Amino acid sequence: MNQLFFLSLFLLGFIGMLLNRNLIKLIIGFEIMEASVLLWFISFTNQGGNPPIYLLDKPGMVLNDPLPQALALTAIVIAASNIALFLTLVIELSRYHKASDVDKIKGLRD
Amino acid sequence: MIVGNYFSLEPPFIFLTLWGIFLTCLSFLAVPVFAPLKKKTFALLYLGFAGGISLVFLSESWLFLVIGWEIITLTTAFMVSQSHRKLGQQYFFLQFVGECLFLYTVILAQTTGYQKVGVISEVWLQNLFIVGVGLKSAIFGLHFWLPPVHSQASPPVSAILSGLTVKIGFVLLWRIIPQENAFLLGLGLIMAIYGGIQALLATDYKVLLAYSTISQLGYIALGIGIGSPLARAGSILHLVAHSLAKSTLFIGSGLWEKAHHTRNIYQFQNSWGKNPLNALATTIGFLSLAGIAPFAGYAGKHLIKLEAEGNLWLLILIQLISFLSVLYSLRFLWWGLFKNRSNFTLQKEVQKSNLSFQLLIATFILLILGIWPSTFSALLGIETDGLFLWSFQKILSNLIPLVTGGLLLFWLGGLSVRPKKAPSLDFLFQGTYTCCYRISRRCFQLLDSEKWIKEGLGGGILLLSQKIYRIVFTSFSNQLLLIPILLFLLLLLARIK
Amino acid sequence: MRLSFLLPLLIVLPLLTAFLIPLIDILAIALRKILVIISISLELVFSLSLLFYFSPLGKEKLPISYYLGGWEPPLGISLSLNHLGLIFSMLVSVSLFLITLYSLEYIEHHEGKYYVLLFVVLGAMQGVVLTNDLFNLYVFIELLTVASTPLVAFDRTSSAIEAGIKYIVYGLLGGLFFFIGIVLIYLSLGTLSLAEIALSFSSLPIPFQETVLIFFIISLTIKLGIFPFHFWLAKAHSSAPAPISALLSGVMLKLYLCVFLRLFWVVLDFPLMEASWLKSFVLYLALGSSLLGHLFAFQEEDLKRLLAFSSVGHIGIIVAVLLVNTPEALYGGMLHIINHLIMKSALFLDSGYFLQFTKSHLIKDLKGVFHYNRYLFASFVIVVLAMIGIPPLNGFFSKWYMLLAFVEEGIHLGGIVVILGSLLAIPYYFRVISYGISPCEEKPVVSLSQDPPPASLMIFTILALVVLTVVTGIFYFCLNPILDGAVQELLPLQIYPPFPGGS
Amino acid sequence: MKIFLLLVLFSGIGFLLIDNLRFLSNSGFSLGAATHYYVTQGFEQTGALNLVSSILYDFRAFDSLGESTVIFAAVSGIVSLLSRKTLPVSSHGLSIIVKRIFGILTPFLFVSGIYLILHGHLSPGGGFQGGVILGTISIVFCIVYGSSFDYTRYSPQSKTILEVSGALLFLAMGIIGIFLEGFFLANWFSSPERLGKLLTPGSIFGINLGVGIKIGAGLSIIFYSIIQKRIEGK
């Protein structure tokens, strides 16, 4: 059931990316895809334990897997810098094309 | 993984290599006369050519064979483009197409299990090889490029193109086809007859020479196709003789063009007076081509005829072919050299040309080849004891076509034909192209018609690729749409077991 | 083992340089050039010393590995070098060395940021080649994307910005699919080390394995520009400045081929791919992509787009021939990787030299442009001949081995595509050449500057690449020991040669 | 038309994916060998209580190096793409009330950012998170006090120097590791016997600091690059 939710989120993001012809909305769709993957990753590895921080006064606690969280953190930062770059390019593009409809910008075709 | 770089050092190949280098030098000596400004470039190119020739003839590995042949193509293409750049490009393109055919055949042979260049016993592979070398060696059907290229290139280049380059394929066929091959036999017959008739009808001297090359190549193919040891010996002997004769004739053709300021054989005036040595060389060259007895071409043709004696139809056809070659040789000799001999005076300025030395050598060797063919056949490693002995019958068989040919020509008035337009590759490309265009126009009315003619040969592919480009490169969102489609396809494919 | 400290150094040195350049820009701009040259030369020296020690002539044996932070592979990240990595590391160092030298004279604005990004790209490339950890690989691939996007859009013209957008959208999607593959692998196997994945991947249920394969295939076909995803390639490669085009088309695509080789042959289950339809599907897709690439190049009127589409053609054929998966095929494919790198870099750099005299890149506007420098024009012709596959230049030998591999396995379509590719290449390159040398009455109409600028480094770079073209052609068998080692590592039914202590 | 195509495609993809990945939900997730080690012995080995931090900056510190280089590259790229003859947008900021309130709040923001960075190895947080908070301070300055406020006080050069020095600090930590422990990015100076104190984890502390500075400066540079308004003709 859980998987179904994240899968539908992923596909929703994908559909949003493909149907929207606005560049900004396109990247929002992509963000939704990315977020769904990360959410799935984190939630799947959550075994109902505590956050992976060792407390000195409570030894022997069950901790969640810390690795996916570290990986997700890295992936988020990477995605964030990618998107910053993308938005920069969109800003630059607006110097040349007032519309942001991808199909009306001829240069994006070929 | 490393291809063994083997070289075969057997007598025929060593002799052929030396012979090739000799001919290359011979035609290089003519360069200063025809292209005095580009001597250094030509020297480099001829050097490369000689290297390629030795690589091709000596190598026993397919890789080196292909490399050698491709070096030859490259150097000759550069030589041709020194005088005609566009022709050079077209020549290179055609040769490269031939190269691709040949490469594929070679790869097939190698994967079939023939790691070395040598006898191939599968007939289908032999036939594939015939097609594979077809374009490079002008086998009938793929010969269309030869007359325009050989007639338009500058004389020393034509000399090695016609004398050596087209022969490489036949040497290769000679190496790989051990027995009879009906396909090659048939092709050889057609080539010889077709080339002979075209040469008979030609009015341009160099075109005549080019067509006679096709005809003589047909003879060589015939000999390989018959396949008995003597016929094979005959064909390789004829190959050697023809290469020298044709080189001489092509170099001479340049001198004639300088002397007469035309290549139309009807307008040759007082040839003996203008350059007697060249006239002598041309005469002997043509007599060699015709296969008249004491000249070079005789030995090979004689051997092939000997082998054909068992088969009546074949013999008749071969006799017909020899008669054709006698006929066109005599025709040229009549029009070009003997018709206007009335005012025989030596003109100094043309006589001074530097080529006398090498023309003399060529004539001399042609004579030796004709009179003592057994020395050359021994060099080639062929046993021919007693086959070249003179007899009354042989002399008669030589005289009969000579005399009848002469009478026939006399009766026909020297067989004067209306001069034709010189063949050119442009014309050929356009011709095929228009033909294809007409057919395609009937099939697809909707294709944009005007562009086709404008763009030349590549137009069809160009238009096709433009259409595909426009279909594939639609809008950006459609391009992105392909990602889920492929994802879906792959997921589905993984399901199908 | 003594030399294994070079592995992290190969990655860290360019990154250090990249970090230092902004600082130097603020302190003393004049020092920047010196820093760039020293750093790139050091990188080359490190790489060459690796080659010297670990080539079959050298004393020591591959593979070697280095544990970052001292943690052994399941715990931490390790770097490792095998024959495949050695080849690609060498290629990256040498080509980046030449490209950097070329850029020193080519790039005229924002040089500081340009070199920062270039060195980040260099570090990321070395990282992709050397790393032995799946997630680390992903980080470096993303680093490549992030650092190369601004380089693609470096000219900031309309088409460059559009190219950047297209490039980054496809790059993001490719990265996302790669990440999904990593997530699937981690969730099922609980490890990220390539060697460990290689050992236990085939124990997973088959539909799951296939899903993972499919996600990686999609990701890498996007990154490689195989047919349905080739859209970004021509745009990006043609709009970037010339050295960056050479970098993208010559080096970066080869790098993704390295990832492709390592992932599918070594880490994931190649026999499974062979058993299902996936392999032949991707093979024929790549073949079709190759043919289409050449056809597109044939109709193209912009010189740089022509070169880029020709890259599509060549990458397609390389992928196809690698997927044939016989020793000859792998050998031929890797030989062509090396050769195409040299040739395409040379062509892009060469065209970059000539195109700086013109405003437009359209072929018909290039009339007489080759008269600016006859030697470079001759080099252009030589490289074109190599591209077509004329012996004894290097393109011929890879063509020969690829043909041999295709025909031996009975994939005649592949052989025909190889042949057609080189046949189609003749007219489209010759069109460029005949326009370029056609005599023009006045100097080129579109010329910006009448006198060619002094560009000795640019010329040196191009000539070096041309010399490499000829040398790797005639002495191609000198590469055999390393290539054979790499082929041995990739051969099927051979589990990844275990990294020492790796599993 | 396109919608229908997409619906069909995606229902197909969804169905096939669920079917293929059923194995995962059936078997559930279990810790791998590496993560088992992290969970049981990670804190003793590294001296960091926050296991995520210990993974990010010790076990897999190389990933973090790559990641901060990603940000570095993005900053360089954005600056190179957007740099022009620019003037800051002439905005005068919000009302005096907001300005005063943020005048009071900003030090607390700063402290919380620094806290997150310095305590990254002990509690939730770390270099990235703290750095982002530091970055937001400069964004808040822009919004509240007008765009020229921050721009005139802290020149882009000083931010660049901060960013680069953060990155260099990261590298320096790694390189010192070579000399002290023999491996690049090795955790030197860690003292597990004093677990739970501020300076226990050795290089993790330094790397956290470097990343924090770097991210803060980098985000601020990105923001100011993007909001710059282009004045035509200058």
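The values are calculated or read from the model by the stated rules, or taken from the named source; none is laboratory data. The structure displayed is predicted, hence computed values, not measured ones. Please note: Cβ atoms are built from the backbone with ideal geometry, for glycine as well, and neighbour counts cover all protein chains shown.
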- Message: Residues that are farther than 28 Å from B:Pro11 by Cβ, assigned by TED's automatic domain parsing to the domain that holds B:Leu324 and not hydrophobic (A, V, I, L, M, F, W, C): does region B:213-232 have at least one?
- Response: yes
- Note on the structure: Residue pairs within 9 Å by beta carbon, gap of at least six or interchain, first lying in region C:219-233 and in contact (Cβ under 8 Å) with a residue 24 or more places away in the chain, second assigned to a loop (DSSP other than H, G, I, E, B), listed first then second, are C:Leu220/C:Ile226; C:Leu224/C:His230; C:Phe231/A:Arg109; C:Phe231/A:Asp110; C:Phe231/B:Phe473; C:Phe231/C:Gly225; C:Trp232/C:Gly225; C:Leu233/C:Gly225
- Message: I'm trying to understand the selection: among the residues of region D:154-168, which are under 17 Å from the mean Cα position of the chain (by Cα) and more than 7 Å from chain C (Cβ to nearest Cβ)?
- Response: D:Lys159, D:Leu162, D:Glu163, D:Ser165, D:Gly166
- 3 or more residues in contact with a Lys or Arg (Cβ under 6 Å, 6 or more places away or on another chain) and not assigned by TED's automatic domain parsing to the domain that holds B:Phe429: qualifying helices (runs of 4 or more DSSP H) within region B:59-136: none
- Taking region A:91-110 as the search range and keeping residues that are at the interface with another protein chain (Cβ under 7 Å from one of its Cβ atoms) and either polar (S, T, N, Q) or under 23 Å from the mean Cα position of the chain (by Cα) (or both), which one is farthest from D:Asn50 (Cα to Cα)? A:Val102
- Looking at (1) within 17 Å of B:Leu161 (Cβ to Cβ); (2) within 14 Å of another protein chain (Cβ to nearest Cβ); (3) without any contact (Cβ under 8 Å) to a residue 12 or more places away in the chain, find the lone condition where B:Phe22 falls short. (2)
- Evaluation of B:Leu481 against (1) crowded, with 18+ Cβ neighbours inside 10 Å; (2) over 19 Å from A:Met17 (Cβ atoms); (3) more than 7 Å from chain C (Cβ to nearest Cβ) (one fails), failing number: (2)
- region C:190-232: number of residues that are outside any loop (DSSP other than H, G, I, E, B) and closer than 18 Å to A:Ala72 by Cβ: 1
- Query: Quick one: in region C:149-200, which of the residues that are within 9 Å of chain D (Cβ to nearest Cβ) and within 22 Å of the chain's Cα centre (by Cα) is farthest from A:Leu38 (Cα to Cα)?
  - Reply: C:Phe154
- Filter result for B:Thr111 (of a type in the set (Ser, Thr, Tyr) and without any contact (Cβ under 8 Å) to a residue 60 or more places away in the chain): yes
- Item | Meets criteria (under 21 Å from B:Ile224 (Cα atoms) and touching a strand residue (DSSP E or B) at 6+ places or on another chain (Cβ under 8 Å)) for B:Lys116 | yes
- Item | Selection within region A:68-105 - in contact (Cβ under 8 Å) with a residue 12 or more places away in the chain and in a helix (DSSP H, G or I) | A:Pro68, A:Gln69, A:Leu71, A:Ala72, A:Ala75, A:Ile76, A:Ala79, A:Ile83, A:Phe86, A:Leu87, A:Val90, A:Leu93
- Task: Collect the residues in region A:55-67 that are at the interface with chain D (Cβ under 8 Å from one of its Cβ atoms) and in a loop (DSSP other than H, G, I, E, B), keeping them in residue-number order.
- Result: A:Leu55, A:Leu56, A:Asp65
- Message: So in region B:484-497, with the set limited to residues that are under 53 Å from the mean Cα position of the chain (by Cα) and within 18 Å of A:Leu18 (Cβ to Cβ), which one is farthest from the other protein chains (Cβ to nearest Cβ)?
- Response: B:Leu489
- Message: Show me the helices (runs of 4 or more DSSP H) entirely contained within region B:179-293 in which 2 or more residues are of a type in the set (Lys, Arg).
- Response: B:229-260
- Query: Would region D:200-208 turn up any residue that is over 20 Å from the mean Cα position of the chain (by Cα), surrounded by 21 or more Cβ atoms within 10 Å (Cβ to Cβ) and modelled with pLDDT under 80?
  - Reply: yes
- Query: In the set C:Glu162, C:Glu72, C:Glu105, which member is within 24 Å of C:Leu50 (Cα to Cα) and charged (D, E, K, R)?
  - Reply: C:Glu72
- Message: Among the residues that make up region C:28-45, is at least one of them farther than 27 Å from D:Ala74 by Cα, over 20 Å from the mean Cα position of the chain (by Cα) and away from chain D (no Cβ under 14 Å)?
- Response: yes
- Task: Please work out which residue is nearest to the other protein chains (Cβ to nearest Cβ), limiting yourself to region C:387-401 and to residues that are part of a helix (DSSP H, G or I) and aliphatic (A, V, I, L, M).
- Result: C:Ile388
- Query: Would you say B:Ile160 is surrounded by fewer than 23 Cβ atoms within 10 Å (Cβ to Cβ), over 21 Å from B:Asp426 (Cβ atoms) and modelled with pLDDT of 85 or more?
  - Reply: no
- Item | Verdict on C:Glu43 being among the charged types (D, E, K, R) and within 22 Å of C:Gly250 (Cα to Cα) | yes
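Away from chain D (no Cβ under 11 Å) and of a type outside the set (A, V, I, L, M): does that describe C:Phe231?
Here the answer is yes, as C:Phe231 does meet what is asked.
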- What do you reckon, is C:Gly85 assigned to a helix (DSSP H, G or I) and within 14 Å of another protein chain (Cβ to nearest Cβ)? no
- Query: If you take the residues in region A:1-38 that are under 18 Å from B:Gln479 (Cβ atoms) and assigned to a loop (DSSP other than H, G, I, E, B), which one is nearest to the other protein chains (Cβ to nearest Cβ)?
  - Reply: A:Arg21
- Pick out the one residue from B:Gly141, B:Gly163 that is part of a loop (DSSP other than H, G, I, E, B) and of a type outside the set (Phe, Trp, Tyr). B:Gly141
- Message: All but one of (1) assigned to a helix (DSSP H, G or I); (2) within 14 Å of chain C (Cβ to nearest Cβ) hold for B:Leu47; state the number of the condition that does not hold.
- Response: (2)
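Could you pull out the residue among D:Ser68, D:Ser54, D:Ser83 that is surrounded by fewer than 23 Cβ atoms within 10 Å (Cβ to Cβ) and hydroxyl-bearing (Ser, Thr, Tyr)?
Within the list D:Ser68, D:Ser54, D:Ser83, the selection yields D:Ser83.
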- Query: In region D:34-118, which helices (runs of 4 or more DSSP H) lie fully inside it and hold 2 or more residues that are more than 14 Å from chain C (Cβ to nearest Cβ) and more than 17 Å from the chain's Cα centre (by Cα)?
  - Reply: D:96-118
- In this structure, does A:Gln47 turn out to be within 7 Å of chain D (Cβ to nearest Cβ) and in a loop (DSSP other than H, G, I, E, B)? yes
- Message: Among the numbered criteria (1) touching a Pro at 6+ places or on another chain (Cβ under 9 Å); (2) buried (at least 24 other Cβ atoms within 10 Å of the Cβ), which one does B:Val66 miss?
- Response: (2)
